[in-house]
Amino acid sequence: MYIIGEEEINAVREVIRSGQLFRYGDPSDGHQNNVVHFEKEWAEYNNVKYCVCVTSGSAALICAMAALGIGPGDEVIIPGYTYIATALTVLNVGAIPVIADVDESCTLNPESARKLISERTKAIISVHMMGMPCNLDAISAIAKEHKLHLIEDACQANGGFYKGQHLGTFGALGAFSFNYYKIISAGESGAVITNDERLFERAFMQHDGGCQLWAQVQDMKEDAYAGNNFRNNEINASILRVQLKRLPGIISRLNHAKQRFHEGLIKSDKIWLAPCNDLAGDCGVQTTLTTASASITKRFLSEIQEHIETFSPIDTGRHVYSNWQPLMNKKGAHHPLMDPFLMPANQGAQMDYTPQMLPQTLDILSRSLMLKNDVHWSDADIDQKIDVVNTVIRTL
Ligand SMILES: *Cc1c(COP(=O)(O)O)cnc(C)c1O
């Protein structure tokens, strides 16, 4: 979250005054239908037909996979650099996450994904990490060629683009998170979007297993199956509606900072700008650099840290596959019979995880640096930061 203020306070105040906090309700009783309005607004903003507002990005990913019927016996390819939730949600639906390498863009390496495709593979989840678009041309082509579903995990990339089209709209479904750490936020929340009516209905049922018993939800063509409760509420949705209004401004400021860094950083054979799959569509959350060695990364970090918030992705714990204990220890669920790793349907699937299994990913992440951008920076601030970074680069 970058900006929150009086507008959100006013929106929440109105919801509380209305006394109507539940997602379903009758406008004639003063219900504001904020969840429904946000769903329409988020779909419109992303230029798609359908949206379900849920409680988290994880819930959005579960709804996406459930909508596609992914479950035991299936493999889902994910990158080795993403928040652990991408892997856990695959397990939550009973399938096996297969971890692929990232490339120097710190997003899924399409060729690594291709090599992992087996007869069990059902889907690829492309993750737009730290607001950076994946190589969607290559990933979409691979998915198409092998008849796999593409799901986009755009949890860290609210409002980003690839070649002028919104992230989250290239695959069958796109998942977003609005937890505290994301570009816009209500503390916790998420959304799943699609253009397919059937997938929308199934995602909706997954998000509210009892939805068909509410008067407001009728005419579903799909047969009801046992879903969860990932319903969001009127308070969160009222905040998200204000946050959405702020989103284009936030993205344009952050992207502007990133582009200025790309223009202003000096060339060096020790440290350089990481390849970016679409600089114009990037959310600009940070500027990614690649170094020639992990020791240069460490030196750069120690020099720069007092001037600008910088980190190496290798140090981000829960985002690096080698730290995903439930996978490394093969603990896939709370109950053995519901544990995908133990399910008969999954025996023979690719699940021999070890912390060292992707040396290329570990190497790239240890040679990568991320310089956080600040939405409040003026051009003068950005140029001053660029000068500081250039000074440090010269000393390496
Ligand atoms: C945050 C995040 C999620 C999960 O979102 P929650 O809202 O925390 O459940 C999934 N994938 C990625 C890449 C994320 O950053």
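The values are calculated or read from the model by the stated rules, or taken from the named source; none is laboratory data. On a predicted model such as this, the values are computed, not experimentally measured, just so you know. Don't worry about glycine lacking a Cβ; one is built from the backbone with ideal geometry, like all the others, and counts go over all protein chains shown. The area values use the complete protein model at the heavy-atom level, side chains included, leaving out ligands, DNA and RNA. Shrake-Rupley method; radii C 1.70, N 1.55, O 1.52, S 1.80 Å.
Some notes on this structure:
- Among residues of segment 225-250 that are closer than 16 Å to Val375 by Cβ and in contact (Cβ under 8 Å) with a residue 24 or more places away in the chain, those with a beta-carbon under 6 Å from a residue that is open to solvent by 60 Å² or more (accessible area, probe 1.4 Å) and part of a helix (DSSP H, G or I) at least six positions away or on a different chain give the pairs Val242/Glu7.
- Applying a threshold of 6 Å to beta carbon distances and a minimum spacing of six or more residues, or different chains, the list of pairs starting in segment 56-67 at a residue that is acidic (Asp, Glu) and part of a helix (DSSP H, G or I) and ending at one that is within 12 Å of the ligand (Cβ to nearest atom) and open to solvent by 10 Å² or more (accessible area, probe 1.4 Å) is empty.
- Residues in segment 125-153 that are of a type outside the set (Ser, Thr, Tyr), within 14 Å of the chain's Cα centre (by Cα) and either away from the ligand (no atom under 16 Å from the Cβ) or under 17 Å from Val98 (Cβ atoms) (or both): Ile125, Val127, Cys134, Leu150, Ile151, Asp153.
- When the residues of segment 173-183 are filtered to those that are in a loop (DSSP other than H, G, I, E, B) and open to solvent by less than 10 Å² (accessible area, probe 1.4 Å), the one that is nearest to the ligand (Cβ to nearest atom) is Phe178.
- Scanning segment 81-108 for residues that are closer than 24 Å to Cys283 by Cα, crowded, with 24+ Cβ neighbours inside 10 Å, polar (S, T, N, Q) and touching a Ser or Thr at 6+ places or on another chain (Cβ under 8 Å) yields a total of 1.
- Any hit, segment 154-172, residues being outside any loop (DSSP other than H, G, I, E, B), surrounded by 24 or more Cβ atoms within 10 Å (Cβ to Cβ) and within 13 Å of the ligand (Cβ to nearest atom): no
- Some residue of segment 220-236 being assigned to a helix (DSSP H, G or I) and not acidic (Asp, Glu): yes
- Considering the conditions (1) more than 15 Å from the ligand (Cβ to nearest atom); (2) buried (at least 22 other Cβ atoms within 10 Å of the Cβ); (3) of a type in the set (Gly, Ala, Ser), Ser112 is excluded by exactly one of them, (2).
- Against the test of being part of a helix (DSSP H, G or I), more than 16 Å from the ligand (Cβ to nearest atom) and either touching a Phe, Trp or Tyr at 6+ places or on another chain (Cβ under 9 Å) or among the β-branched types (Val, Ile, Thr) (or both), the options Leu244, Leu240 yield a single qualifying residue, Leu244.
- Residue among Asp352, Asp387, Asp363, Asp379 that alone is touching a His at 6+ places or on another chain (Cβ under 9 Å) and open to solvent by 60 Å² or more (accessible area, probe 1.4 Å): Asp379
- Which numbered condition Tyr81 misses (of (1) hydroxyl-bearing (Ser, Thr, Tyr); (2) touching a Pro at 6+ places or on another chain (Cβ under 8 Å); (3) more than 11 Å from the ligand (Cβ to nearest atom)): (3)
- Subset of segment 20-59 that is among the acidic types (Asp, Glu), open to solvent by 50 Å² or more (accessible area, probe 1.4 Å) and within 26 Å of the chain's Cα centre (by Cα) - its residue that is farthest from the ligand (Cβ to nearest atom): Glu44
- Residue selected from segment 185-216 under the condition within 12 Å of the ligand (Cβ to nearest atom) and buried (at least 24 other Cβ atoms within 10 Å of the Cβ), by the criterion farthest from His31 (Cα to Cα): Val192
- Condition met for Thr287 (within 24 Å of Asp383 (Cα to Cα), of a type in the set (S, T, N, Q), assigned to a helix (DSSP H, G or I) and open to solvent by less than 80 Å² (accessible area, probe 1.4 Å)): no
- Test: Ile70 is over 15 Å from the mean Cα position of the chain (by Cα) and either within 18 Å of Leu173 (Cβ to Cβ) or among the small types (Gly, Ala, Ser) (or both): yes
- Test: Ser378 is hydroxyl-bearing (Ser, Thr, Tyr), in contact (Cβ under 8 Å) with a residue 40 or more places away in the chain and at negative phi: no
- When Ala274, Ala237, Ala226 are checked against the criterion of being over 28 Å from Arg367 (Cβ atoms) and open to solvent by less than 20 Å² (accessible area, probe 1.4 Å), Ala237 stands alone in meeting it.
- Among the residues making up segment 1-30, a single one is under 30 Å from Val375 (Cβ atoms), small (Gly, Ala, Ser) and not in a helix (DSSP H, G or I): Gly5.
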